[in-house]
Amino acid sequence: MKLECRNLTKKYGDKRAVDEVSLVLESGHIYGLIGRNGAGKTTLLSLMSNQNPATSGAVTLDGEDIWENRKAIDRICFARELSANAESGVSGYSVRNYLKTASCYYRNWDQQMADELVKKFGLEPKKKLGKLSKGMLSMVTIIVALASKAAFTFLDEPVAGLDVIARRQFYQLLMQEYTQTGRTFVISTHIIEEAADILEEVVILDNGRILLKEPTESLLARACTVSGLDEAVTHALNGLPAHGKTQIGRKTIVTVLLEEGQQLDLDCDVTVSPVSLQDLFAALCGEALL
């Protein structure tokens, strides 16, 4: 199964929230969708889940356009960050009723899993969403995502407000579900370091455009930090582009993302170190490492 975006664009007035995005998501993978605030991540996910019409371009599932296509959208779940303020319209729903409503939208809904997760997370079924903390609302969103059993499941900031124990629980549950079912998950999160180990492939979005899409392992294999005296680092780079440059006196630290055939000139006194996914992302966005 394959979900494909072709030249997907969404405009709000003169602003392009998503700009000519072409992207293929294969079944049986866990993808990380990474980008700064306002990069277009939530808009892209809403377009790929039939919740928002595109200005131009198309989204297809196994070649069929998903727009108003019940057969296609039955296989897609977008569990977005839940807001339960008075204006949202769901604040008066109890946890039980909200999940009951959600079950109507997903053909393969697993009620037993939903009930088990409510207990695991310690949620009170009769409690109104408007009375829940941000972390508890994230738990409700996670339950919808997992219990939907949708072949393609998108989670937007699923761990927002969760403490470290609950975040670990979520990733364990996600990996368990992925291992057992082979479902495809797309996780959009700002807490990159915690998610990095489970993300098979990374999609970095910048100003509505795909900056890169690559398996996490190969991406990190060609990335490194180079540090040393400014002159030595400049010599080692040998003209290669540097990202996230930090300068402390005469010492310089940079991140390098090598392309095929490129290599550093290590015939000088520099230190070359691995770089984490989170630091690589920050460097590609132009942020200094320190």
Worksheet item: Across region 87-103, what is the number of residues that are outside any helix (DSSP H, G or I) and surrounded by fewer than 13 Cβ atoms within 10 Å (Cβ to Cβ)?
Response: 2
Fill in: Among (1) closer than 28 Å to Thr60 by Cα; (2) surrounded by fewer than 19 Cβ atoms within 10 Å (Cβ to Cβ) - the single one Arg222 does not satisfy
(1)
Practice prompt. Among the residues of region 222-279, count how many are over 25 Å from Ile191 (Cα atoms), of a type in the set (Gly, Ala, Ser) and touching a residue at least 40 places away in the same chain (Cβ under 8 Å).
Written response: 2
Worksheet entry | Residues of region 77-99 satisfying the condition of being modelled with pLDDT of 90 or more and out of contact with any Leu (no Cβ under 7 Å at 6 or more places or on another chain) | Cys77, Ser94, Arg96, Asn97, Leu99
Item to complete: Could you check, for region 256-263, whether at least one of its residues is over 24 Å from the mean Cα position of the chain (by Cα) and either surrounded by 13 or more Cβ atoms within 10 Å (Cβ to Cβ) or aliphatic (A, V, I, L, M) (or both)?
Response: yes
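The values are calculated or read from the model by the stated rules, or taken from the named source; none is laboratory data. On a predicted model such as this, the values are computed, not experimentally measured, just so you know. Glycine gets a Cβ as well: all are built from the backbone with ideal geometry, and neighbour counts include every protein chain shown.
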